[in-house]
Amino acid sequence: MGSLSSTQERDYSTPEVFDPKHGKKANKTIDIGQNGTTLSANIYGRRMLHMVNEANEGFGLCIGNIGSRTTVDLTQMNTAHLGFDTRVGAAVRYVASVDEKGRLNQRARIVNNTSQEIQVGYQVNLRVSVHRASYGQLTEGGPIPLPECENALEVNSQECSFIIRNKFIGAHLSGQLYLDGVPAPLVGLTNKTQPGLLTGVSTEDQSVSIKPYSEVTIGLILRLAPGLDENNSFPEHLCVNSKTPGSGLAWKRPETVETYIVRRNVDYILGNCAIPVSESEVWRLLLLTRRNLRSLVTPAAYNHYMRLLDKTIKGHLDWVFFKAERPHKFWHRSYIITGKPKDGPVYQLDQQCYPMLELCDYFSEYPNEKKFVEEILSSQVITEILDHITSRQDLATGLFPTDETPGDDEVIYPFHFSSHVLLWYTLCQLAKLIRSLPATLRDPGERLQSLADEVHTQTMQHFLIADPDSGHVKIAYLVDGHGKHTFYHDGNDIPTAFAANWGFFSNRKDLEAWYNTMNYALSEENSLGYSSGGSFAGLGSVHSQGPWPLGYFQEMLYADVKGNERAKAGALQRIIGVMQWDGTFGEAVDVKTGDTTSKAWFSWPGSMIAGAIIADSERN
């Protein structure tokens, strides 16, 4: 892609300021219900914002009498810096960070900037529940009900630490309060056992005296761990001098929106959703980041990021090939962390392709990992997947069916275009891999390439159809192989957008059909997929109504192929306009306001956009 220049003048290395009383509010999110089985009646999930507006304390260490303005600085990985003043004249630098052992450290450095001794109030709030995370979703299958929950709080005899146990899942949360590095009492906190969420559990209002122009540090360290007994101490230095690796502005050019998008999405993936990496484009972003790491981060952060990237990338492949269960021989569309399928035996053709394509990308990036790649190839997983795919091939048409589209929507005709493009591309890449590592797979590379050629031939034969309304030849979205078809394009159908760059079209006539299809897809003619009527018009999906950042990405990619810099700039402007304050993107947005309306933290679009930024830097 060409240059992705910023369209807004803003320094993205400076903190974001929230001032709810004057209208500066964070974006919306979906709120999963307390019972793990329902969505909140308020689908926009403004609970956290309401807590701020109503001056309710959050979980953990709470400082009293804070002012109305708070700065939020996210320039460090796994760390949030909050700055605010108290009404008695103290300046507070509040840090919440997670270390590599999974401990959450909340630390407030409080400075008295006045000539008088002041009292600053604080409290530890344990409005918390130790239970399995909710698996909320908006598609068929629904959330998985939570197991039975009971939270038992026990405070130690010195009242400086506590432990919360849930016997039904065999896990606990332990905590320790510190004042200037010394264990401090949790005054008023008492033992309590309660089904579900602990409510009304907090220390009494406490205060600390701070002399003029002096400071104190209050810290709370928490650790969630398996088992019902605490066996890990909390070293004092974590509370007093806690620093995460790669602290400071570890990314180069931190003031630009491009860097902000890349680093926030990479950090979000590595810190929050790395196991398993759920989308192939999330995986691609990690590979691109690794390949360009020296140009992206400072030397001080290089080794830290490289180690995390290597661990995450290899760990994902190990998980998907050796831990993800396949009770019906194929990969399911959704999993829980244990490797068990989340939903039933719904077959998605594209889901069978991505892990194999990832393996090819992995060997290209890690040529020294030959032994690990050969281990996967010799495990028979790929052979079983390929056998299953070919066993479903329709003999009359040579096409390959799917139960659902990549958007998890049921098909009305069995053959789906973008899944065929992805299958062809995966087979081509897999054939190259096998030829470079002979005798590791039962199917030789030549046979795979032959199958890829067959997929290409049959796809072009059955999906290119003249549109009776326009007279133009377009690519159908779904076909039955015998004349029935639908014209539509979806924000989830990324392989269609990549088809030209992948070399799927072998002649000008076929490429012209793709142009016609993409022109249709990114216009109001695509009535079920394209959202219009506002400043943020763009391609979306029947899956979740409204424009999608993934759609803006497709528009930007297509504009780049066509050499249309104006259209590309327009797509980028909307991308930046719908970007959330923390640099991430939602699934769908409001066409008029750009506010997120579905899946507030959706890794896929952020990965696509960040990957495009990095790929652009490779070419320039």
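The values are calculated or read from the model by the stated rules, or taken from the named source; none is laboratory data. Worth saying up front: this structure is predicted, and the values here are computed from it rather than measured. So basically every Cβ, Gly included, is an ideal-geometry build from the backbone, and we count neighbours across all protein chains shown.
Would you confirm whether any residue within segment 235-250 is out of contact with any Ser or Thr (no Cβ under 7 Å at 6 or more places or on another chain), modelled with pLDDT under 90, more than 30 Å from ILE389 (Cβ to Cβ) and of a type in the set (Ser, Thr, Tyr)?
The answer is yes, given that some residue of segment 235-250 is out of contact with any Ser or Thr (no Cβ under 7 Å at 6 or more places or on another chain), modelled with pLDDT under 90, more than 30 Å from ILE389 (Cβ to Cβ) and of a type in the set (Ser, Thr, Tyr).
Here is a list of conditions, (1) crowded, with 23+ Cβ neighbours inside 10 Å; (2) touching a residue at least 40 places away in the same chain (Cβ under 8 Å); (3) in contact with a Pro (Cβ under 7 Å, 6 or more places away or on another chain); (4) not basic (Lys, Arg), and VAL591 meets all of them except one; can you say which number that is?
With respect to (1) crowded, with 23+ Cβ neighbours inside 10 Å; (2) touching a residue at least 40 places away in the same chain (Cβ under 8 Å); (3) in contact with a Pro (Cβ under 7 Å, 6 or more places away or on another chain); (4) not basic (Lys, Arg), VAL591 is out only on (1).
Among the residues of segment 507-529 satisfying the criterion of being in contact with a Leu (Cβ under 8 Å, 6 or more places away or on another chain) and touching a residue at least 40 places away in the same chain (Cβ under 8 Å), which is farthest from THR459 (Cα to Cα)? Spell out how you get there, then give the answer.
Narrowing segment 507-529 to residues in contact with a Leu (Cβ under 8 Å, 6 or more places away or on another chain): 510, 513, 521-522, 526, 529.
Narrowing further to those that are touching a residue at least 40 places away in the same chain (Cβ under 8 Å): 510, 513, 529.
Details: ASP510: 11, ALA513: 13, GLY529: 23 Å.
Restricting to residues being in contact with a Leu (Cβ under 8 Å, 6 or more places away or on another chain) and touching a residue at least 40 places away in the same chain (Cβ under 8 Å), the top hit is GLY529.
If you check MET460 against the conditions, is it closer than 19 Å to VAL542 by Cβ, part of a helix (DSSP H, G or I), in contact with a helix residue (DSSP H, G or I) (Cβ under 8 Å, 6 or more places away or on another chain) and in contact (Cβ under 8 Å) with a residue 24 or more places away in the chain? Don't jump to the end; show me each part of the working.
On the way: closer than 19 Å to VAL542 by Cβ: no; part of a helix (DSSP H, G or I): yes; in contact with a helix residue (DSSP H, G or I) (Cβ under 8 Å, 6 or more places away or on another chain): yes; in contact (Cβ under 8 Å) with a residue 24 or more places away in the chain: yes.
So MET460 does not fit the description; no.
Looking only at residues that are in contact with a His (Cβ under 9 Å, 6 or more places away or on another chain) and at pLDDT below 95 in segment 397-432, which one is surrounded by the fewest Cβ atoms within 10 Å (Cβ to Cβ)?
Checked segment 397-432; the qualifying residue surrounded by the fewest Cβ atoms within 10 Å (Cβ to Cβ) is ASP409.
Table: residues versus (1) surrounded by 22 or more Cβ atoms within 10 Å (Cβ to Cβ); (2) free of Cβ contacts under 8 Å to residues at least 40 places away in the same chain.
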position: PHE505; (1), (2): no, yes
position: GLU565; (1), (2): no, no
position: ILE575; (1), (2): yes, yes
position: GLU587; (1), (2): yes, no
position: PRO605; (1), (2): yes, no
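Where in segment 141-215 are there strands (runs of 3 or more DSSP E), lying fully within it, with 2 or more residues that are in contact with a Lys or Arg (Cβ under 8 Å, 6 or more places away or on another chain) and surrounded by 17 or more Cβ atoms within 10 Å (Cβ to Cβ)?
Details: elements: 150-155, 161-166, 171-179, 192-195, 206-210.
In segment 141-215, 150-155, 171-179 are the strands (runs of 3 or more DSSP E) which contain 2 or more residues that are in contact with a Lys or Arg (Cβ under 8 Å, 6 or more places away or on another chain) and surrounded by 17 or more Cβ atoms within 10 Å (Cβ to Cβ).
Being modelled with pLDDT of 90 or more and touching a strand residue (DSSP E or B) at 6+ places or on another chain (Cβ under 9 Å) is the filter here; which residues of segment 114-128 pass it?
Going through segment 114-128, the residues modelled with pLDDT of 90 or more turn out to be 114-126.
If the condition is that a residue be modelled with pLDDT of 90 or more and touching a strand residue (DSSP E or B) at 6+ places or on another chain (Cβ under 9 Å), then THR114, GLU117, ILE118, GLN119, VAL120, GLY121, TYR122, GLN123, VAL124, ASN125, LEU126 are the ones that fit.
Tell me, please, whether a residue that is aliphatic (A, V, I, L, M), at pLDDT 90 or above and in contact with a strand residue (DSSP E or B) (Cβ under 7 Å, 6 or more places away or on another chain) can be found in segment 196-203. Lay out the reasoning, then the answer.
Step one: list which residues in segment 196-203 are aliphatic (A, V, I, L, M), which gives 197-198, 201.
With at pLDDT 90 or above added as a condition, the list becomes 201.
With in contact with a strand residue (DSSP E or B) (Cβ under 7 Å, 6 or more places away or on another chain) added as a condition, the list becomes 201.
Yes, segment 196-203 has at least one match.
Only residues that are of a type in the set (A, V, I, L, M) and in contact with a Lys or Arg (Cβ under 8 Å, 6 or more places away or on another chain): list them for segment 546-598, please.
To start, the set of residues in segment 546-598 that are of a type in the set (A, V, I, L, M) comprises 550, 556-557, 559, 561, 567, 569, 571-572, 575-576, 578-579, 588-589, 591.
Within segment 546-598, MET556, ALA559, ALA588 meet the criteria.
State all residues of segment 363-378 that are hydroxyl-bearing (Ser, Thr, Tyr) and under 14 Å from ILE434 (Cβ atoms); if no residue qualifies, say none.
Step one: list which residues in segment 363-378 are hydroxyl-bearing (Ser, Thr, Tyr), which gives 364, 366, 378.
SER364, SER378, listed by residue number.
I'd like the residue in segment 574-592 that is in contact with a helix residue (DSSP H, G or I) (Cβ under 8 Å, 6 or more places away or on another chain) and assigned to a loop (DSSP other than H, G, I, E, B) and, out of all such residues, is farthest from LEU550 (Cα to Cα).
Going residue by residue through segment 574-592, those that are in contact with a helix residue (DSSP H, G or I) (Cβ under 8 Å, 6 or more places away or on another chain) are 574-576, 578-579, 582-587, 589.
From what's left, assigned to a loop (DSSP other than H, G, I, E, B): 579, 582-587.
Numbers: MET579: 12, ASP582: 18, GLY583: 15, THR584: 12, PHE585: 9, GLY586: 9, GLU587: 8 Å.
Taking the candidates together, the pick is ASP582.
Kindly indicate the residue of segment 99-128 that is among the aliphatic types (A, V, I, L, M) and under 21 Å from ILE163 (Cβ atoms) and also surrounded by the most Cβ atoms within 10 Å (Cβ to Cβ) among those meeting that condition. Full working, then the answer.
Here is the first cut: in segment 99-128, the residues among the aliphatic types (A, V, I, L, M) are 104, 108, 110-111, 118, 120, 124, 126, 128.
Imposing the further condition that a residue be under 21 Å from ILE163 (Cβ atoms) reduces the set to 104, 124, 126, 128.
Working: LEU104: 18, VAL124: 25, LEU126: 23, VAL128: 18.
That would be VAL124.
Looking at this structure, is SER295 touching a Ser or Thr at 6+ places or on another chain (Cβ under 8 Å) and either within 18 Å of THR402 (Cα to Cα) or surrounded by fewer than 19 Cβ atoms within 10 Å (Cβ to Cβ) (or both)?
On the way: touching a Ser or Thr at 6+ places or on another chain (Cβ under 8 Å): yes; either within 18 Å of THR402 (Cα to Cα) or surrounded by fewer than 19 Cβ atoms within 10 Å (Cβ to Cβ) (or both): yes.
Against the criterion (touching a Ser or Thr at 6+ places or on another chain (Cβ under 8 Å) and either within 18 Å of THR402 (Cα to Cα) or surrounded by fewer than 19 Cβ atoms within 10 Å (Cβ to Cβ) (or both)), SER295 qualifies.
From (1) within 15 Å of VAL208 (Cα to Cα); (2) at pLDDT 95 or above, pick out the condition that doesn't hold for GLN106.
(1)
Can you name every residue in segment 320-345 that is farther than 20 Å from LEU286 by Cβ, free of Cβ contacts under 8 Å to residues at least 60 places away in the same chain and in a loop (DSSP other than H, G, I, E, B)? Break it down stepwise before answering.
Pass one, segment 320-345, residues farther than 20 Å from LEU286 by Cβ: 325-330, 332-334, 336, 338-345.
Adding the requirement that they be free of Cβ contacts under 8 Å to residues at least 60 places away in the same chain leaves 325-330, 332, 338-341, 345.
The answer is GLU325, ARG326, PRO327, HIS328, LYS329, PHE330, HIS332, THR338, GLY339, LYS340, PRO345.
Take ASP350 and decide whether it is touching a residue at least 12 places away in the same chain (Cβ under 8 Å), out of contact with any Phe, Trp or Tyr (no Cβ under 8 Å at 6 or more places or on another chain) and more than 21 Å from LEU285 (Cβ to Cβ). Spell out the reasoning first.
Values: touching a residue at least 12 places away in the same chain (Cβ under 8 Å): yes; out of contact with any Phe, Trp or Tyr (no Cβ under 8 Å at 6 or more places or on another chain): yes; more than 21 Å from LEU285 (Cβ to Cβ): no.
No: the conditions fail for ASP350.
So which of SER532, SER527 ends up being closer than 21 Å to PRO605 by Cβ and among the polar types (S, T, N, Q)?
Values: SER527 fails: closer than 21 Å to PRO605 by Cβ.
So the residue among SER532, SER527 that is closer than 21 Å to PRO605 by Cβ and among the polar types (S, T, N, Q) is SER532.
Using the structure shown, decide if LEU357 is surrounded by 15 or more Cβ atoms within 10 Å (Cβ to Cβ) and touching a residue at least 60 places away in the same chain (Cβ under 8 Å).
Answer is yes for this residue.
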